[in-house]
Amino acid sequence: MTKRKLVIALAGNANVGKSVIFNHLTGLHQHIGNWPGKTVERAEGTLHFKGYTIDIVDLPGIYSLSTYSLEELISRKYIAVERPDIVINVVDASVLERNLFFTLQLIELETPMVIALNQMDIAKKKGIEIDTEKLEKLLGIPVIPTVAIKGIGIFQLLEKAIEIIEKRSSAKPVKVKYGEEVEERIAKLTKMVEHIQFYYPPRYVAIKLLEGDEEIEKEVSGTDPQIVSTAKKLETEIENLHGHSCPTVITSERYEVAGCIARGSQKLVLPIKPPIGERLHTITTHKIVGYPIMALSLLLVFYSIFTFGDYTSELLSNFFYRLEPFFSSLFGTEIVGKLVWGGVIEGVIAAITIALPYIVPFYIILYFLEDSGYLSRIAFLMDNAMHKMGLHGKAFIPLMLGYGCNVPACLGCRIMETERERLLAAFVTTLVPCAARTVIILGLVGEFIGVQWALMLYVFNLLVIFALGRLAFRTLPGEPTALIMEMHDYRMPHLKTVLKQTWFRLTEFIKIAFPLIIIGSLAIKLIEVSGLLEPIASTLSPVTVMWLGLPAITGITLIFGVLRKELTLIMLATLLGTTNFGQVLTPIQMIVFTLVAMFYIPCIATIAALIREFGWKKALFITVFEIVFAISVGGVASRVLTLTA
Amino acid sequence: MERRNSKGIEVPLTTLRDGETGIVTSIRAGHGRGRGRGWGFEKRLMDMGLTPGTKVTVVKSAPFHGPLEVLVRGSRLALGRGMADRIFVEKEKE
């Protein structure tokens, strides 16, 4: 037998353990990229089994195969066009009915498939017993019970998948049967669709046309507009018969089929006492207790990340700076040596001392919280507050990430449903004082004026975020969306999956941020070596000195700050020749300087993330806006503070 | 805001008290039969299981007019209040 190549796709709802199964199957042989031209993630891996080389594609977690989101569209196109050899449909046994609703849509796509009935343990705890054989019979599809988190059933699942491919599908999936009035019209439309070439099965196209699917409507009307107009007519007929819109009728009837199968194969035995996850849910989403718990957990998270980060960051940078003599012996201390060390190597060091100590623990905790289910509870608690700035609960998560680092926060905006909300959330996020800006706020204002002033700056920052968020929300065209989110049961996260996700995020961060950080520090070093710093500082002095009332050299430090915000403070110390800022700056100057540093520009790595997510035009707009805004705020603050002092 | 239909009284989901159950009668995404986002959200709600005739239980709502926590078809959903206002239910008789 020669080595054959196979493609297996994993599909299913969000939070059903799909990625855990993916990790079991592919081990270390995997990579995460993007679907061509889209900001939707594509995870792929390879596996060798029984002489086959198997390509595993992990499709995004979705609830339906309509065109509600990019993820849904990509998934169904992938299954219909690329035609994987088999689809493994991962089903959450503890929410069977809704998961089967998705399964039925896969059946309608007429793809060969096998079901992984996952989270059998959670279902059992909830008092749900599923008769796998009965489910198999009702669906006409092989069902393998699994507990992915413990690796149970994975081997059998793979064996079954291969068996089905080799036998060329002897299974006959159930036909999703709608009511008579609907079936009649589907049949009529299917006949018409059969005449045109399309990558979806004719019956599927007919059903989707009746559901008012915009994408399919568009494609069909390109070849035969007659079909679309007939579909519209049939739609109205169904509507008149049922008193509900046609998509409603079809979705309801499909759910009816899913419900029948679920009821026919599961038995509910109420557990004697509510499971611990249930009690945890009640407490963590409680009207009163929920908030202090959230505040405490977040404080704890940030405190531990910062403590760990500060310690490790210093260790790492001490280690790297010990290499300096080695490099200067290699490249000399002349211009070349200065550029290599000060430009390239210091850039790399900067990037490493941020990425490893802060980003890694940050992601580990984030994924731990997400996988366990707590993040969705936080989104639930914060939904109302986020609406005040035109966003909904989910946006709180990137916003919160922003307090650590803006880069993962910008990338985290992908959890928002629409392009518009992703952009809004990202914009707001770049205004959040990240760890580096916290260094400035606490190190300058907190240290030399007082902690209460530092706190006031944080409060002011929050006010600005709300105000600008609202403004952006009003100006950007499009409708606001609301929160529709599943809160899955609390569960133990799968450590290996969490670590792997962290690893991929880290490599992503390196790919996005490192090139720009290095180019940026090289450019600034070049300016410095060629003696242009002074002229630039004096060119900027109308702004820095006259408008902001700061010493001229702050112009230089603000330029350095584009690389890493905390550099503004470090450079200030270097250029002023002292770390006792109280001697060289007045309190007002400190506040103005901190205000400007807080808002004036996203750092270069964040700009890189913005470009990647939204294109350079929007990234440039945000950057320019924030520069202008920061300078205005700084100048006004300087005057107001002088007057009131 | 009460509306009468042939079957009885239908009220927005948001008028249900904590722990009360209703049966979905309709979702009014606004803008009549406009497709676009209105359609998208109506469809999304139905895809999550909130189709007419479905039992839905309000577990609780977050304070200060926050989102609703509901149980539907064995799953737990968080629904923004604006969204929940557009879901009409018939109250179940005790």
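The values are calculated or read from the model by the stated rules, or taken from the named source; none is laboratory data. The shown structure was predicted, so the numbers you read here are calculated from the model rather than taken from an experiment. Backbone-built Cβ (ideal geometry, glycine too); neighbour counts: all protein chains shown.
Look at region A:551-572 and say how many of its residues are crowded, with 24+ Cβ neighbours inside 10 Å, out of contact with any Cys (no Cβ under 8 Å at 6 or more places or on another chain) and not hydrophobic (A, V, I, L, M, F, W, C).
3
From A:G347, A:G342, grab the single residue that is touching a residue at least 24 places away in the same chain (Cβ under 8 Å) and surrounded by 20 or more Cβ atoms within 10 Å (Cβ to Cβ).
A:G347
So, in region A:236-277, of the ones that are in contact with a Phe, Trp or Tyr (Cβ under 8 Å, 6 or more places away or on another chain) and under 23 Å from B:L68 (Cβ atoms), which residue ends up surrounded by the fewest Cβ atoms within 10 Å (Cβ to Cβ)?
Per the criteria, the residue is A:G277.
Just a yes or no: is a residue in region A:113-127 among the acidic types (D, E) and either crowded, with 21+ Cβ neighbours inside 10 Å or touching a residue at least 40 places away in the same chain (Cβ under 8 Å) (or both)?
no
Let's see how each residue does on (1) under 30 Å from A:A123 (Cα atoms); (2) modelled with pLDDT of 90 or more; (3) more than 11 Å from chain B (Cβ to nearest Cβ):
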residue: A:H195; (1), (2), (3): no, no, yes
residue: A:E214; (1), (2), (3): no, no, no
residue: A:V220; (1), (2), (3): no, yes, yes
residue: A:P225; (1), (2), (3): no, yes, yes
residue: A:N240; (1), (2), (3): no, yes, yes
residue: A:P247; (1), (2), (3): no, yes, no
residue: A:A258; (1), (2), (3): yes, yes, no
residue: A:I261; (1), (2), (3): yes, yes, yes
residue: A:G264; (1), (2), (3): yes, yes, yes
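Have a look at A:T353, A:T333, A:T307 and point out the one that is among the polar types (S, T, N, Q), buried (at least 20 other Cβ atoms within 10 Å of the Cβ) and either more than 14 Å from every other protein chain (Cβ to nearest Cβ) or touching a residue at least 40 places away in the same chain (Cβ under 8 Å) (or both).
A:T353
Could you tell me which of the residues A:I8, A:I21, A:I62 is buried (at least 21 other Cβ atoms within 10 Å of the Cβ), at pLDDT 85 or above, assigned to a strand (DSSP E or B) and touching a strand residue (DSSP E or B) at 6+ places or on another chain (Cβ under 9 Å)?
Step by step, each of A:I8, A:I21, A:I62 is checked, and only A:I8 is buried (at least 21 other Cβ atoms within 10 Å of the Cβ), at pLDDT 85 or above, assigned to a strand (DSSP E or B) and touching a strand residue (DSSP E or B) at 6+ places or on another chain (Cβ under 9 Å).
Away from chain B (no Cβ under 14 Å) and modelled with pLDDT under 90: does that describe A:R470?
In short, no.
Looking at A:T39, is it of a type in the set (S, T, Y) and either assigned to a strand (DSSP E or B) or crowded, with 24+ Cβ neighbours inside 10 Å (or both)?
no
Of all residues in region A:387-402, which are in contact (Cβ under 8 Å) with a residue 12 or more places away in the chain and more than 16 Å from the chain's Cα centre (by Cα)?
A:K388, A:M389, A:G390 - these are the residues of region A:387-402 that are in contact (Cβ under 8 Å) with a residue 12 or more places away in the chain and more than 16 Å from the chain's Cα centre (by Cα).
Out of the residues in region A:370-385 that are in contact (Cβ under 8 Å) with a residue 12 or more places away in the chain and aliphatic (A, V, I, L, M), which is nearest to A:K500 (Cα to Cα)?
A:L375
I need the helices (runs of 4 or more DSSP H) fully contained in region A:529-643, keeping only those with at least 1 residues that are of a type in the set (V, I, T), under 30 Å from A:L411 (Cβ atoms) and free of Cβ contacts under 8 Å to residues at least 12 places away in the same chain.
Of the helices (runs of 4 or more DSSP H) lying wholly inside region A:529-643, those with at least 1 residues that are of a type in the set (V, I, T), under 30 Å from A:L411 (Cβ atoms) and free of Cβ contacts under 8 Å to residues at least 12 places away in the same chain span A:567-576, A:604-614.
Within region B:49-85, take every residue that is of a type in the set (G, A, S), over 12 Å from the mean Cα position of the chain (by Cα) and at the interface with another protein chain (Cβ under 7 Å from one of its Cβ atoms) and give me the one that is nearest to A:R263 (Cα to Cα).
B:G74
Identify all residues within region A:424-457 that are buried (at least 19 other Cβ atoms within 10 Å of the Cβ) and of a type in the set (F, W, Y); write none if there are none.
A:F427
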